[in-house]
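The values are calculated or read from the model by the stated rules, or taken from the named source; none is laboratory data. What you are looking at is a predicted structure, and each value in this text was computed from that prediction instead of being measured. Using ideal geometry, Cβ is built from the backbone for each residue, glycine included, and neighbour counts are taken over all protein chains shown.
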Amino acid sequence: MAFKWIRKGGSAIGIAAIALIGSGCSQEEASAPLVIVFPDSLNPIGDGYPAAGDRCRRLAASPSIARWLTRYSELVGCPENADADQIDGIKVGIVDDFVILAPTPPEADAPNIAAEGGAVGDNQPVTGTSE
């Protein structure tokens, strides 16, 4: 039995439970995890964000998020605010009831200019070159 993520008119778990009880599904089927169906407009990629199995997904370029891609290099979509709150980043909007955020890149990926002998804004001439 397939379900779409239900956002309005009651909790998704409550509605799914009522639907399963009313359909005569077994207990094993009723305890199966709720599948979140992302709308095609978000163009989700991967198996979860930040790790496989997580409820949020990275988003590939699409017209519905294009306005944010001009400012942020990576966007993530989450089905609930609570899911988005677990990710370090900036909430930029909502599309089709999904929270869109720009995750903060890990510090390890940022260049450490000070450790390389310079400082941010240090525009000293390059030395050791032949002319």
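Some observations on this one:
- Contacts under 6 angstrom Cβ, first residue in region 41-70 being farther than 15 Å from ASP96 by Cβ and not assigned by TED's automatic domain parsing to the domain that holds ASP85, partner among the aromatic types (Phe, Trp, Tyr) and in a loop (DSSP other than H, G, I, E, B), 6 or more apart: none
One line per residue, one yes/no per condition, for (1) at pLDDT below 95; (2) touching a Lys or Arg at 6+ places or on another chain (Cβ under 7 Å); (3) at negative phi; (4) not basic (Lys, Arg):
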| position | (1), (2), (3), (4) |
| --- | --- |
| LEU69 | yes, no, yes, yes |
| ILE94 | no, no, yes, yes |
| VAL99 | no, yes, yes, yes |
| GLU116 | yes, no, yes, yes |
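- Among the residues of region 49-67, the ones that are farther than 15 Å from PRO39 by Cβ, out of contact with any strand residue (DSSP E or B) (no Cβ under 6 Å at 6 or more places or on another chain) and either in a strand (DSSP E or B) or charged (D, E, K, R) (or both) come to 1 in all.
- Count of region 68-91 residues which are over 16 Å from PRO44 (Cβ atoms) and outside any loop (DSSP other than H, G, I, E, B): 6
- In region 41-61, the residues that are surrounded by 16 or more Cβ atoms within 10 Å (Cβ to Cβ) and at negative phi: LEU42, PRO44, TYR49, ASP54, ARG55, CYS56, ARG57, ARG58, LEU59
- Pair list, Cβ under 6 Å, 6 or more apart: region 78-98 residue touching a residue at least 60 places away in the same chain (Cβ under 8 Å), other residue among the charged types (D, E, K, R): PRO79/ARG55; ASP97/ARG7
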